[in-house]
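All remarks here apply to the structure that follows.
Any read-out appearing in this document is the output of simple, stated calculations on the displayed coordinates, not a laboratory observation. Because the structure is predicted, anything quoted here is derived from the model rather than measured. Neighbour counts are summed over all protein chains in view; Cβ atoms, including those assigned to glycine, are modelled from backbone coordinates with ideal geometry.
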Amino acid sequence: MIKDIRHTGIVVADLEASLKFYQDILGFSIVKKMDETGDFIDNILLLENVKVTTVKMASSSGQMIELLKYQSHPADQKKHDINDVGISHIAFTVDDLDVVYKRLMDNKIQFNSSPQISPDGYAKVVFCRAPEGTMIELVEVL
């Protein structure tokens, strides 16, 4: 049985830009940074001669993401639409969406809209795209 969601892995093309986004702008902290190579990583990923830098990051509440920058197997950066099959977005709860929205706007992050109040009045919500293209939902519970 599943006990918990351990982390969400995000493959990035530009590790520095992604670190700025998740650490400097959204406030995640780096837990562990590793360069991984060898039989273990080759076997679990079904790739040969893998060289990947991984950065595990935690939110203030302990939720984890893992940034992966493949040195050996660069991938095309494809834009995923919100309605594509598979994982569509990651949602983060924030204390003050207006503050986070302004910080992201100041860093030229693109949004789908300005923050919106849900029809039931329960939450203020906005979607943006992280540097690697991942759709991010930011939610303030009202």
From the backbone phi of the stretch 26-40, what are the Karplus-calculated ³J(HN,Hα) couplings (6.51 cos²θ - 1.76 cosθ + 1.60, θ = phi - 60°) in whole Hz, Gly and Pro given as x? 8, x, 5, 10, 6, 9, 7, 10, 9, 9, 10, 7, x, 4, 4
Test item: Cα-centred dipole of the stretch 90-141, Lys/Arg +1 and Asp/Glu -1 on Cβ, debye: 220
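I need the peptides 51-61, 101-111 ranked by packing, meaning the mean over residues of other C-beta atoms within 10 angstrom, with the highest value on top.
On the way: 51-61: 15.8, 101-111: 13.3.
Order by mean packing, descending: 51-61, 101-111.
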Relative to a virtual label point 7 Å from the Cα of residue 25 in the Cα→beta-carbon direction, which members of the stretch 60-78 show backbone nitrogen distances below 19 Å? 60, 65-69, 77-78
Which of 113, 19, 86 sits closest to the plus end of the dipole of the chain, meaning its Cα is farthest towards the positive end, when Lys and Arg get +1 and Asp and Glu get -1 on the C-beta? 19
Where does the Debye-calculated log10 I(q)/I(0) of the chain sit at q = 0.12, 0.14, 0.21 Å⁻¹, using only Cα point scatterers of equal weight, no solvent? -0.55, -0.73, -1.44
First measure r as the distance between the Cβ atoms of residue 120 and residue 49, then evaluate 1/(1 + (r/R0)^6) with R0 = 35 Å and state the FRET efficiency to the nearest 0.05. 0.10
Give me, ordered by chain and number, the residues 5 or more places off residue 123 or on other chains with an amide H under 5 Å from its own placed amide H. 118, 142
